[in-house]
Amino acid sequence: MAESPDALLLDGEIEIEGRMPWSSNVTLLVRLHGAEGGTGRAIYKPHAGERPLWDFPDGLYLREVAAFELSRALGWDLVPATVLRRDAPHGPGSLQRFVDAEFDEHYFTLFEDEELHPQLRRICLFDLLANNTDRKGGHCLLDADRHIWAIDNGLSFHREFKLRTVIWEFGGEPIPDELLEDVRRLHDDGAPPELALLLDPFERDALAARAAAVLAEPCFPVDPTGRRYPWPLV
């Protein structure tokens, strides 16, 4: 069962601790304070801190939330719990549970451990469904339980196919049946309201079409062009 947002994310008071380095848009580390004394940390991406992009609609923070809702709809614990907070210090934005990870690790080091391949295959398929255009190696975080989390999902769900990722090592392999069953459920039931409301009609149709394509040709994607990579790679 995929994780759900907790009370701290949904209602906790937000205290800004600082800005995260190497982010093209404003990305803030915050501490959350609960009404009953609990605390936690999260990543806050305010709408006001986004740079306009010529090839992507406004509102990347909503796509961060949509990625979590897709992960939850599939039953995959891939994206840390992420919510929309309209009452945040710098205006509306996404708030995502902070992952205390092994920050020296990234996709290219994680791939060396075959025991982690099932998790990486699942992220590969998730990115195909979400149409992720920016899956860098550093967006795969390994926590203390050896669970891999997929973060920085704002450049996803475009109505046009724009997949760009570093995860091509599984290309051409059959997709495991248990993952296909989850995709089939999403295809048959449709996007849940929590996800559908975050996408426009064309984006919802494109998501359904990608799910149908996966079921029709159940193999991991191949890049015959060699150009579907983000930059930088990590």
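Just one of the numbered conditions (1) in contact with an Asp or Glu (Cβ under 7 Å, 6 or more places away or on another chain); (2) open to solvent by 40 Å² or more (accessible area, probe 1.4 Å) is not true of Leu60: (2).
Taking the conditions exactly as written (under 15 Å from Ile151 (Cβ atoms), part of a helix (DSSP H, G or I), open to solvent by 10 Å² or more (accessible area, probe 1.4 Å) and polar (S, T, N, Q)), does Gln96 satisfy them or not? No, not satisfied.
Filtering the range 106-123 for residues that are in a loop (DSSP other than H, G, I, E, B) and either at pLDDT below 95 or open to solvent by less than 10 Å² (accessible area, probe 1.4 Å) (or both) leaves an empty set. Checking each residue in the range 63-82 for being open to solvent by less than 10 Å² (accessible area, probe 1.4 Å) and more than 19 Å from Arg135 (Cβ to Cβ) picks out only Ala81. Across the range 26-51, the number of residues qualifying as under 23 Å from Leu233 (Cα atoms) and in contact with a Leu (Cβ under 7 Å, 6 or more places away or on another chain) comes to 2. Candidates are the residues of the range 211-232 that are under 17 Å from Phe170 (Cβ atoms) and touching a helix residue (DSSP H, G or I) at 6+ places or on another chain (Cβ under 6 Å); the one that is modelled with the lowest pLDDT is Pro221.
Answer yes or no: is there a residue in the range 36-45 that is open to solvent by 10 Å² or more (accessible area, probe 1.4 Å) and of a type in the set (Phe, Trp, Tyr).
First pass over the range 36-45, keeping only residues open to solvent by 10 Å² or more (accessible area, probe 1.4 Å): 36-41, 43, 45.
Filter again for of a type in the set (Phe, Trp, Tyr), leaving none.
Among the residues of the range 36-45, not one is open to solvent by 10 Å² or more (accessible area, probe 1.4 Å) and of a type in the set (Phe, Trp, Tyr), which makes the answer no.
Kindly evaluate Val83 against the criterion of being under 22 Å from Thr27 (Cβ atoms), within 13 Å of the chain's Cα centre (by Cα), modelled with pLDDT of 95 or more and assigned to a loop (DSSP other than H, G, I, E, B). Walk me through how you get there before you give the answer.
Values: under 22 Å from Thr27 (Cβ atoms): yes; within 13 Å of the chain's Cα centre (by Cα): yes; modelled with pLDDT of 95 or more: yes; assigned to a loop (DSSP other than H, G, I, E, B): no.
No, not satisfied.
Residue-level check: of (1) more than 16 Å from Leu10 (Cα to Cα); (2) of a type in the set (D, E, K, R); (3) in contact (Cβ under 8 Å) with a residue 24 or more places away in the chain, Asp113 misses just (3).
The values are calculated or read from the model by the stated rules, or taken from the named source; none is laboratory data. Please read these numbers as outputs of a predicted model, since none were measured by experiment. Every residue, glycine among them, receives a Cβ derived from its backbone with ideal geometry; neighbour counts consider all protein chains shown. These area figures cover heavy atoms from the full protein model, side chains too; ligands, DNA and RNA do not enter into them. Shrake-Rupley method; radii C 1.70, N 1.55, O 1.52, S 1.80 Å.
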